[in-house]
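Engineer: I am attaching a structure below and will ask some questions about it afterwards.
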Amino acid sequence: MKTLIIFFAVSFLLCLNFTSTGQSQVRLGAAGVNEIFNDVRFDPIDGGMIQVGRIGTAPNTDIWLVKLNALNQVVWQNTITNAGEDVISKVKILANGDYLICGWFTTNGAIRGFAAIINRTNGAFNWMRTTSASTGSFGERFYDAIETTQGNIALVGTFNFNPTITANAMGLFVLLSSTGAELNLSRTRNGNTYPNGQSEFFTINQLPNGNLL
C-alpha cells in the first residue's frame with residue numbers, strides 16, 4: 001500500500017508540473033496554409049529560438065524561418081518565394097551568433113542542396129549557395145551541417161536523390177568557407193557499391209583532433 005501511495009504522489013506532482021501556468025504555447029503562420037518545422041534551436045544570446053522548415057503545399061513549398069524571443073513573440077519571419085520544392089532541414093547557431101541553415105532548393109526545375117547564413121537580428125541572408133547540376137543526378141539534398149573549429153561550413157546529405165526510388169542515393173559531403181566558397185575537399189560516394197541498391201544518408205560531427213566524422 002505504501003508503494004502505491006508514493007507512486008500516486010509522484011504522478012500527481014508530474015501532472016502539476018506539465019500543467020503549470022509557466023508553460024506557454026504560440027500559434028504561427030496563417031489559416032489554410034501548410035506549415036512544417038523540421039528543426040529548432042534555443043538561442044542562448046537572447047533566450048529565444050530559431051525554427052526552420054517549409055511553408056506551402058507540396059510539391060510547391062518555400063523555405064520558412066521564424067525567430068522568436070524569450071517571450072515567444074515573433075521577432076522576424078523570412079521566406080523565399082520560388083517555384084518548386086524548397087525545404088530547410090537543419091539550423092545551427094554559429095560562433096558569432098548568426099544562423100546556419102541547410103536543406104534543398106529548386107533551381108531551374110531541379111532540386112539542389114541549399115545552404116545559407118542568416119543574420120540573427122533581422123533574418124537577412126548574409127549569403128546563400130546551392131549545389132550545381134550534375135549529369136545523371138536526380139537531385140541533391142542537405143540534411144545536416146556544422147561550423148568547424150576552422151570556421152568552415154561542412155554539409156552532408158544525399159546525391160542522386162529520386163523521391164520515387166529510395167534506393168541508390170549516394171552520400172554527399174561539401175565543405176564551404178565561412179563566406180560560402182566551395183573548398184576543394186568535397187566528396188561523393190557511390191551508393192551502387194552496396195548490395196540490393198541500398199542508399200547512404202550522412203550526419204556529421206567534428207572530433208577533438210579537428211577531423212570530421
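The values are calculated or read from the model by the stated rules, or taken from the named source; none is laboratory data. Since the structure is predicted, the reported quantities are computational estimates derived from the model, not experimental observations. Cβ coordinates were reconstructed from backbone atoms using ideal geometry, including for glycine residues, and neighbour counts include every protein chain displayed. What goes into the accessible areas is simple: the full protein's heavy atoms, side chains included, and nothing from ligands, DNA or RNA. Shrake-Rupley method; radii C 1.70, N 1.55, O 1.52, S 1.80 Å.
Engineer: Right, Ile36: hydrophobic (A, V, I, L, M, F, W, C), out of contact with any helix residue (DSSP H, G or I) (no Cβ under 7 Å at 6 or more places or on another chain), modelled with pLDDT of 80 or more and open to solvent by 90 Å² or more (accessible area, probe 1.4 Å) or not?
Structural biologist: Here the answer is no, as Ile36 does not meet what is asked.
Engineer: A further question on this structure: Can you tell me which residue is farthest from Thr149 (Cα to Cα) among those in segment 79-110 that are among the charged types (D, E, K, R) and in a loop (DSSP other than H, G, I, E, B)?
Structural biologist: Among those residues, the one meeting the criterion is Asp86.
Engineer: Before we move on, is Ile63 within 23 Å of Arg112 (Cα to Cα) and outside any loop (DSSP other than H, G, I, E, B)?
Structural biologist: When the stated conditions are applied, Ile63 passes them.
Engineer: What are the pairs with Cβ atoms under 6 angstrom where one residue, in segment 98-119, is at positive phi and the other, located anywhere, is open to solvent by 20 Å² or more (accessible area, probe 1.4 Å)? Sequence gap at least six, or different chains.
Structural biologist: Cβ pairs passing all conditions: none.
Engineer: Looking at segment 93-106, can you tell me whether even one residue there is more than 20 Å from Asp46 (Cα to Cα), out of contact with any helix residue (DSSP H, G or I) (no Cβ under 8 Å at 6 or more places or on another chain), surrounded by fewer than 20 Cβ atoms within 10 Å (Cβ to Cβ) and not aliphatic (A, V, I, L, M)?
Structural biologist: Within segment 93-106, not a single residue is more than 20 Å from Asp46 (Cα to Cα), out of contact with any helix residue (DSSP H, G or I) (no Cβ under 8 Å at 6 or more places or on another chain), surrounded by fewer than 20 Cβ atoms within 10 Å (Cβ to Cβ) and not aliphatic (A, V, I, L, M).
Engineer: For segment 111-145, which positions are assigned to a strand (DSSP E or B), among the hydrophobic types (A, V, I, L, M, F, W, C) and open to solvent by 20 Å² or more (accessible area, probe 1.4 Å)?
Structural biologist: Ile111, Phe125, Trp127, Met128
Engineer: On the basis of being farther than 14 Å from Gly180 by Cα and either in contact with a Cys (Cβ under 9 Å, 6 or more places away or on another chain) or open to solvent by 10 Å² or more (accessible area, probe 1.4 Å) (or both), does Thr61 make the cut?
Structural biologist: Judged against the criteria, Thr61 is not a match.
Engineer: A further question follows. Give the residue that is nearest to the chain's Cα centre (by Cα), with candidates limited to residues of segment 85-113 that are among the aromatic types (Phe, Trp, Tyr) and at pLDDT below 95.
Structural biologist: Step by step, filter segment 85-113, then rank; the result is Trp104.
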